[in-house]
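Visitor: One structure, pasted below without further comment.
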Amino acid sequence: MDLPSFLWLWKIAAWSMGLSLLAYLLLAVTGISMFRGRTSENARFISLFPGGYGGLSILHYGMGITMVCLVILLLAIGIVGTLGEYGSLGHSQHLGAGLTTVVLVLISAGSAILIRTGWIWARRIHVSTNIALFLVFVWVSLSGWSVVQKYLP
């Protein structure tokens with residue numbers, strides 16, 4: 001079957017993955033800063049944000065929403081691109097890594113909403129999920145790199 005090149009789609013995916021990793025890094029920095037601001041009297045970093053702690057949490061939530069959107073975009077690109085190229089899914093471990101990433105990001109986002117509504121126990125789930133997400137991001141990046149090699153000329 002003679003299909004058009006999906007290289008443009010993979011470029012969008014590469015940018016989305018890079019921005020997702022940047023969002024994850026910024027979420028880690030702001031999350032750790034929020035934790036330090038909650039647990040210590042010396043919170044100079046938080047004072048840099050308009051509104052203090054509130055400004056930092058707004059930035060954290062905004063970056064979280066951005067990361068959820070990017071990961072959903074990556075899922076859609078992966079499904080469309082793989083179906084367009086191969087006609088079916090599951091040609092590598094990248095599918096499992098990607099689906100695991102999506103699930104963990106959605107659990108993290110859901111637990112963030114629960115924290116915001118006062119369910120303090122959800123903070124443990126949120127932090128644990130984000131630590132696991134670091135390892136899954138490594139897995140999805142490495143498996144994605146091997147997938148990308150198939151498409152490069």
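The values are calculated or read from the model by the stated rules, or taken from the named source; none is laboratory data. Because the structure is predicted, anything quoted here is derived from the model rather than measured. Heads up, the Cβs are rebuilt from the backbone with ideal geometry, glycines too, and the neighbour counts pull from every protein chain shown.
Visitor: Looking only at region 54-63, decide whether some residue is modelled with pLDDT under 90, exposed (fewer than 15 other Cβ atoms within 10 Å of the Cβ) and under 20 Å from the mean Cα position of the chain (by Cα).
Guide: Within region 54-63, one or more residues are modelled with pLDDT under 90, exposed (fewer than 15 other Cβ atoms within 10 Å of the Cβ) and under 20 Å from the mean Cα position of the chain (by Cα).
Visitor: Okay, moving on. Does region 138-151 contain any residue that is free of Cβ contacts under 8 Å to residues at least 24 places away in the same chain and under 13 Å from the mean Cα position of the chain (by Cα)?
Guide: Yes.
Visitor: While we're looking at this one, here's another question. Filter region 81-100 down to residues that are in contact with a Ser or Thr (Cβ under 6 Å, 6 or more places away or on another chain) and not polar (S, T, N, Q), then give me how many there are.
Guide: Number of matching residues: 3.
Visitor: Does residue 103 fit the bill of being assigned to a helix (DSSP H, G or I), within 18 Å of residue 27 (Cα to Cα) and touching a residue at least 24 places away in the same chain (Cβ under 8 Å)?
Guide: no
Visitor: Taking the options 79, 125, name whichever one is under 23 Å from residue 10 (Cα atoms) and without any contact (Cβ under 8 Å) to a residue 40 or more places away in the chain.
Guide: Step by step, each of 79, 125 is checked, and only 79 is under 23 Å from residue 10 (Cα atoms) and without any contact (Cβ under 8 Å) to a residue 40 or more places away in the chain.
This table checks each residue for (1) surrounded by 14 or more Cβ atoms within 10 Å (Cβ to Cβ); (2) within 29 Å of residue 9 (Cβ to Cβ); (3) free of Cβ contacts under 8 Å to residues at least 40 places away in the same chain.
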position: 67; (1), (2), (3): yes, yes, no
position: 83; (1), (2), (3): no, yes, yes
position: 112; (1), (2), (3): yes, no, no
position: 133; (1), (2), (3): yes, yes, no
position: 136; (1), (2), (3): yes, yes, yes
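Visitor: Also, quick follow-up: Report yes if some residue within region 113-120 is in a helix (DSSP H, G or I) and among the small types (Gly, Ala, Ser); otherwise report no.
Guide: No, the conditions are met nowhere in region 113-120.
Visitor: Name every residue in region 138-147 that is β-branched (Val, Ile, Thr), surrounded by 14 or more Cβ atoms within 10 Å (Cβ to Cβ) and closer than 15 Å to residue 20 by Cβ, in order of residue number.
Guide: 140
Visitor: Among the candidates 136, 148, 103, single out the residue that is β-branched (Val, Ile, Thr), out of contact with any helix residue (DSSP H, G or I) (no Cβ under 6 Å at 6 or more places or on another chain) and modelled with pLDDT of 95 or more.
Guide: 103
Visitor: Being out of contact with any Ser or Thr (no Cβ under 9 Å at 6 or more places or on another chain) and either closer than 18 Å to residue 74 by Cβ or surrounded by 14 or more Cβ atoms within 10 Å (Cβ to Cβ) (or both) is the filter here; which residues of region 114-126 pass it?
Guide: Scanning region 114-126 gives 114, 115.
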